[in-house]
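Input: a single structure, listed below in structure tokens.
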Amino acid sequence: MADFRTFNVVILGIGFLLIFTAFTTCGNIEQTVIKSLANTTFEGSGYNSFAIIYGVFAASNFIAPSVIAVIGPKLTMMLSGLLYSGYIAAFILPATWSFYLTSFLIGVAAAMLWTAQGNFLVLNSDASTINKNTGLFWALLQCSMLFGNLYIYFDWNGKITVTDKDRMTVFVVLLVLSLLGTLSFIVLRKNCDPDEAPNEENDSLLPASMIYKQRALSAVREATTEFRTMINMFGTKTIFLLSFCMAYSGLELTFYSGVYGTCIGATAQFGTSAKGLIGLSGILVGIGEIVGGGLFGLLCKNSRFRRTSVVFLGMMVHFISFYLIFLNIPDDAPIVFESVTVLEPYLTPSVPVTLMCSFLLGLGDSCFNTQIYSLLGCLYAEQSSPAFAIFKFIQSVCAAVAFFYSNYLLLSWQLLLMVILGFAGTLCFFLVEKTQGMSADLQEY
């Protein structure tokens, strides 16, 4: 059984690795590619696209548990993967209408994909393996930051603009990877429940029409129950406190996945190496994610002390990186409409400092995400779909807001918002752990 579940977690991680090699690379270079388009009729914005994605993502989380209850996590992830591939394909022959249409569709797909992933991960874990499986999945997922960005670094280094040929080559390769990741979900094995076997034998004695009717009614009841459970969970103290940490994860997700790469590419002081540094930065973010996922998910045992320690470390790592970015990157880098910045940073921009900050952003992100996943898996093992849907709802709402204001706010203001919410989120995470620890002690007594 353990080998069977580990196999599922590994295949799940490989599928996400391939899909998000395509998607994260796309997000990292999207705004830079759009600025370089020779097509003057294209009026899209990478920031606006991601605002749409995460806004629709947030709304779709309300129906995601119901969809998963009806068709199951495996089929949900396969259909979602196809929509992710459609978004990548839109960059091969860019048009404003297809760009924003696929942005909407991938927002729906993201809610389904991530809620199904959380549900499937919990179904293949127990209290003793949830941390190991979360860390294993997270490490595989974050390898997606390496390969596409490595290609970007070697191919784009020294280029002032991205040509149409460069763009088409990159996105055809990314499309193939996304489709391969989607197809990998086919080999996932169903988690069989022995209690269901007698029901299947009894069903075989009924007419086919009666069997389908019973299954349809059961699916509707289960979908309705999942939706009501999610609504009820929203009003609990635990979810309210965790929402601050979830919200922070949305802001910093926006920053490291879309804003920071754009800032590097727009920094005039980096000269012709700026475009190549976007890819190298993405690689360092991925290495930070992998190190964090492996170190805090695979090598540590379950304990409340460890979770709070890791989250505190994540906060400190992020705050250090934010301060260095504030000193190292021009303040107008996120919002410059031309190819390079105009304002001067406090220090002369340094490539080593820039890349170190990329690593710290990835490391800190893994600290927060692995521990949120671990805590939700422990607290809501029997209600995993609604719990992960709420997490992704809050995270995506904040990501959508962050992508929207990234069009207008200077870098210093964006960093200040993350510092404030990061501190509040860490404090609230501590309160949840303390509350749960007291409850566990009372139950033992």
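In region 123-159, what residues are under 19 Å from Ile11 (Cβ atoms), hydroxyl-bearing (Ser, Thr, Tyr), open to solvent by 10 Å² or more (accessible area, probe 1.4 Å) and modelled with pLDDT of 75 or more?
Once the filter is applied, which keeps residues that are under 19 Å from Ile11 (Cβ atoms), hydroxyl-bearing (Ser, Thr, Tyr), open to solvent by 10 Å² or more (accessible area, probe 1.4 Å) and modelled with pLDDT of 75 or more, region 123-159 yields only Ser125.
Does Pro330 satisfy the condition of being at pLDDT 80 or above and either in a helix (DSSP H, G or I) or polar (S, T, N, Q) (or both)? Before you say what the answer is, go through the steps one by one.
Working: at pLDDT 80 or above: yes; either in a helix (DSSP H, G or I) or polar (S, T, N, Q) (or both): no.
Judged against the criteria, Pro330 is not a match.
Select from region 301-318 the residues that are modelled with pLDDT of 90 or more and open to solvent by less than 50 Å² (accessible area, probe 1.4 Å) and write down the one among them that is nearest to Ile372 (Cα to Cα). Don't jump to the end; show me each part of the working.
Of region 301-318, the ones modelled with pLDDT of 90 or more are 311-318.
Filter again for open to solvent by less than 50 Å² (accessible area, probe 1.4 Å), leaving 311, 314-315, 317-318.
Working: Val311: 9, Gly314: 12, Met315: 13, Val317: 17, His318: 16 Å.
The qualifying residue nearest to Ile372 (Cα to Cα) is Val311.
Which residue is modelled with the lowest pLDDT, if the candidates are limited to region 183-197 and must be closer than 29 Å to Gly81 by Cβ and assigned to a helix (DSSP H, G or I)? Even if it seems obvious, please write down each step before you answer.
Filtering region 183-197 down to residues closer than 29 Å to Gly81 by Cβ leaves 183-193, 196.
With the extra rule that they be assigned to a helix (DSSP H, G or I), the set shrinks to 183-187, 196.
Values: Leu183: 93, Ser184: 92, Phe185: 91, Ile186: 91, Val187: 89, Glu196: 45.
Among them, the one singled out is Glu196.
Quick test for you: out of Leu37, Leu83, pick the one residue that is touching a helix residue (DSSP H, G or I) at 6+ places or on another chain (Cβ under 7 Å) and within 28 Å of Ser406 (Cβ to Cβ).
One residue alone meets the criteria, Leu83.
I'd like to know if region 198-211 contains one or more residues that are open to solvent by 90 Å² or more (accessible area, probe 1.4 Å) and either in contact with a Phe, Trp or Tyr (Cβ under 9 Å, 6 or more places away or on another chain) or modelled with pLDDT of 65 or more (or both).
No, region 198-211 has no match at all.
How many residues does region 346-377 contain that are outside any helix (DSSP H, G or I) and in contact with a Leu (Cβ under 6 Å, 6 or more places away or on another chain)? Spell out how you get there, then give the answer.
So in region 346-377, the residues outside any helix (DSSP H, G or I) come out as 346-350.
Then keep just the ones that are in contact with a Leu (Cβ under 6 Å, 6 or more places away or on another chain); that gives 346-347.
Going through region 346-377 one residue at a time, the tally reaches 2.
Within the set of pairs 6 or more residues apart or between chains, which connect a residue that is under 15 Å from Arg306 (Cβ atoms) inside region 353-371 to a residue that is acidic (Asp, Glu) and at pLDDT 90 or above with Cβ atoms less than 8 Å apart?
Phe368/Glu252
Any residue at all in region 92-104 that's crowded, with 24+ Cβ neighbours inside 10 Å and either within 18 Å of Leu17 (Cα to Cα) or in contact (Cβ under 8 Å) with a residue 60 or more places away in the chain (or both)?
There is no residue in region 92-104 that is crowded, with 24+ Cβ neighbours inside 10 Å and either within 18 Å of Leu17 (Cα to Cα) or in contact (Cβ under 8 Å) with a residue 60 or more places away in the chain (or both).
Just one of Phe393, Phe404, Phe388 is under 25 Å from Pro334 (Cβ atoms) and either surrounded by 17 or more Cβ atoms within 10 Å (Cβ to Cβ) or modelled with pLDDT under 85 (or both); which is it?
When all the criteria are applied, what remains is Phe404.
Quick one: count up the residues across region 64-76 that are modelled with pLDDT of 85 or more, of a type in the set (Val, Ile, Thr) and farther than 17 Å from Ile106 by Cα.
Number of matching residues: 0.
Residues in region 20-54 that are in contact (Cβ under 8 Å) with a residue 40 or more places away in the chain, farther than 16 Å from Gly261 by Cα and assigned to a loop (DSSP other than H, G, I, E, B): how many?
Number of matching residues: 7.
Give me a count of the residues in region 407-445 that are of a type in the set (Asp, Glu) and either modelled with pLDDT of 85 or more or at positive phi (or both).
Residues flagged as of a type in the set (Asp, Glu) and either modelled with pLDDT of 85 or more or at positive phi (or both) within region 407-445 amount to 1.
Just the residues that are surrounded by fewer than 17 Cβ atoms within 10 Å (Cβ to Cβ) and in a helix (DSSP H, G or I), please, taken from region 407-416.
Result: Ser412, Trp413, Leu416.
Taking region 38-63 as the region of interest, how many residues are open to solvent by less than 30 Å² (accessible area, probe 1.4 Å) and modelled with pLDDT under 80?
Qualifying residue count for the region: 6.
Given Phe227, Phe255, Phe244, which one is surrounded by 15 or more Cβ atoms within 10 Å (Cβ to Cβ), modelled with pLDDT under 85 and within 30 Å of Ile53 (Cβ to Cβ)? Outline the logic, then answer.
On the way: Phe255 fails: modelled with pLDDT under 85; Phe244 fails: modelled with pLDDT under 85.
Every option except Phe227 fails the conditions.
The values are calculated or read from the model by the stated rules, or taken from the named source; none is laboratory data. Since we're looking at a predicted model, the values are computed, not measured. Neighbour counts run over all protein chains shown; Cβ positions are idealised from the backbone, glycine included. Surface areas here come from the heavy atoms of the whole protein model, side chains and all, with no ligands, DNA or RNA. Shrake-Rupley method; radii C 1.70, N 1.55, O 1.52, S 1.80 Å.
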